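Engineer: Sharing a structure here in structure tokens format.
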Amino acid sequence: MACYRKQLKYAETGIFDTFIDMTYVITMENAVERQKKAIAQLNKYKLSSNVTIMYNKGYKNCQKTFCKDEVCDRVDTSYTDLFHALRNVFNDAMENGYETILVLEDDFIISDAILEPDVVPSLYGLIQDYRDKSLFLRLGTLPILSYGYSKNFKKLLSGVGMHAVIYNKKGIVDMNKNTNYSRITDIDLRSNLVFLNRQLMYREPLINQIFGKTENNKQWGGDLGAVGYFWASIVKKYLLLTGLDTSVEPGTTFNYKYHNYITLSLLAIFIYVSVFVVRFILSQLKTNTFKKKK
């Protein structure tokens, strides 16, 4: 039984047609409401004239295998299933010879900012600059740490959210075939590792996402075990505090503006507490040793 089916949609023109060969939308087969909202947005904003809706039956309804270091296991988590679906998109893009693709998850929310006059020229220019380099560009994300790259783009050291990503052919190969992280199937974690200090984000969110409770959300961090679940719990608390679990704003604007301050402040607190704890433990060991000598 085929685990995927695709539906092609065409429009006369698209605002990204000069640099996007195909826009893909990854959706679950039974996610009817999400599909309606996604198609309505694509009809409104007309991102590209060529669109492929990739329907995924899901690992619970269709048996899939995923190979890591030549060892193949059955897919049994939602985050591995999502990477399996993304790989299916990559394979389709490679078979059709596409140079640059936009991959959307079906809960994307397009901002009117995407229609601003400098967006298309800046995206086109960047993609031309990256013709000989691997491109991984987020059109929307939950940035954790970033720094300036150019007028309209930032280098992203770490971020969450794979709902709107532009890949060129080299970027597809890197994300799909990188052997250094072959056992990492969480696509957020994998992208941050594979494209460390190479991934880009637009200066403002062009395509948003609400980080609501989903099956995938429940399994965040699973690739890293206890450590991963711990950091995932911090991210979830942050989403709750900023309201990004239920709405786009004001949390998205707040996070884009202050994410570096927040991350560095939390890091400083963590280091301070860690040093305090280590010094306390050492002082206790020293005291106990002194008492034993007496």
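The values are calculated or read from the model by the stated rules, or taken from the named source; none is laboratory data. Note that the structure is predicted; figures quoted are calculated from it, not measured. Because the Cβ atoms are built from the backbone with ideal geometry, glycine has one as well, and the counts that use them run over all protein chains shown.
Residue by residue, here is whether (1) modelled with pLDDT under 95; (2) aliphatic (A, V, I, L, M); (3) in a loop (DSSP other than H, G, I, E, B) holds:
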site	(1), (2), (3)
Ile109	no, yes, no
Pro121	no, no, no
Gln128	no, no, no
Lys133	no, no, yes
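Engineer: Moving on. Under 6 Å between Cβ atoms, at least 6 apart or on separate chains: pull out the pairs that start in the range 4-33 with a residue that is touching a residue at least 60 places away in the same chain (Cβ under 8 Å) and farther than 30 Å from Glu215 by Cα and end on any residue that is β-branched (Val, Ile, Thr) and surrounded by 13 or more Cβ atoms within 10 Å (Cβ to Cβ).
Structural biologist: Ile15/Val120; Phe19/Thr100; Phe19/Ile127; Ile20/Thr100; Asp21/Thr100
Engineer: Here is a further query. For the subset of the range 1-50 comprising residues that are part of a helix (DSSP H, G or I) and polar (S, T, N, Q), which member is nearest to Cys62 (Cα to Cα)?
Structural biologist: Of everything passing the filter in the range 1-50, Gln35 is nearest to Cys62 (Cα to Cα).
Engineer: Quick check on the range 54-69. Is at least one of its residues buried (at least 16 other Cβ atoms within 10 Å of the Cβ) and out of contact with any Cys (no Cβ under 9 Å at 6 or more places or on another chain)?
Structural biologist: yes
Engineer: Give Lys218, Lys155 a once-over and let me know the one that is in contact with a strand residue (DSSP E or B) (Cβ under 8 Å, 6 or more places away or on another chain) and more than 18 Å from Ala93 (Cβ to Cβ).
Structural biologist: It is Lys155.
Engineer: Turning to a different aspect of this structure: Can you tell me which residue in the range 185-231 is surrounded by the fewest Cβ atoms within 10 Å (Cβ to Cβ), limited to those that are farther than 26 Å from Ala31 by Cα and of a type in the set (A, V, I, L, M)?
Structural biologist: Taking the range 185-231 and keeping what is farther than 26 Å from Ala31 by Cα, we get 192-204, 224-231.
Retained after the next criterion (residues that are of a type in the set (A, V, I, L, M)): 193-194, 196, 200-201, 224, 226-227.
Working: Leu193: 14, Val194: 21, Leu196: 11, Leu200: 21, Met201: 24, Leu224: 15, Ala226: 7, Val227: 10.
Checked the range 185-231; the qualifying residue surrounded by the fewest Cβ atoms within 10 Å (Cβ to Cβ) is Ala226.
Engineer: Residues of the range 7-56 being acidic (Asp, Glu) and under 24 Å from Asp112 (Cβ atoms), which ones?
Structural biologist: Those that are acidic (Asp, Glu) and under 24 Å from Asp112 (Cβ atoms): Glu12, Asp17, Glu33.
Engineer: For the range 30-44, which positions are under 17 Å from Lys9 (Cα atoms) and surrounded by fewer than 18 Cβ atoms within 10 Å (Cβ to Cβ)? Steps first, please.
Structural biologist: Just the residues of the range 30-44 that are under 17 Å from Lys9 (Cα atoms), to begin with: 32, 34-44.
Passing the criteria: Val32, Arg34, Lys36, Lys37, Ile39, Ala40, Gln41, Asn43, Lys44.
Engineer: Going by the structure shown, is Tyr98 assigned to a loop (DSSP other than H, G, I, E, B), at pLDDT 95 or above and surrounded by 12 or more Cβ atoms within 10 Å (Cβ to Cβ)?
Structural biologist: Yes; evaluated as a whole, the condition is true for this residue.
Engineer: Give the residues of the range 156-183 that are farther than 28 Å from Gly97 by Cβ and either acidic (Asp, Glu) or buried (at least 16 other Cβ atoms within 10 Å of the Cβ) (or both), sorted by residue number.
Structural biologist: Answer for the range 156-183, where residues must be farther than 28 Å from Gly97 by Cβ and either acidic (Asp, Glu) or buried (at least 16 other Cβ atoms within 10 Å of the Cβ) (or both): Leu156, Leu157, Ser158, Gly159, Val160, Gly161.
Engineer: Please determine, by comparing only the residues of the range 5-29 that are within 28 Å of Ser78 (Cα to Cα) and of a type in the set (Ser, Thr, Tyr), which one is surrounded by the most Cβ atoms within 10 Å (Cβ to Cβ).
Structural biologist: Tyr24
Engineer: I need every pair where a residue in the range 238-261 that is surrounded by 14 or more Cβ atoms within 10 Å (Cβ to Cβ) has its Cβ under 7 Å from the Cβ of a residue that is of a type outside the set (Val, Ile, Thr) and assigned to a helix (DSSP H, G or I), sequence separation at least 6 or different chains.
Structural biologist: Thr242/Gly251; Thr242/Phe254; Thr242/Asn255; Gly243/Gly251; Leu244/Gly251; Asp245/Leu239
Engineer: Tally the residues that are in contact with an Asp or Glu (Cβ under 8 Å, 6 or more places away or on another chain) and either basic (Lys, Arg) or at pLDDT below 90 (or both), restricting the search to the range 52-66. Walk me through how you get there before you give the answer.
Structural biologist: We begin by selecting, within the range 52-66, every residue in contact with an Asp or Glu (Cβ under 8 Å, 6 or more places away or on another chain); these are 52, 54-59, 61, 64-66.
With either basic (Lys, Arg) or at pLDDT below 90 (or both) added as a condition, the list becomes 57, 64, 66.
Total satisfying the criteria: 3.
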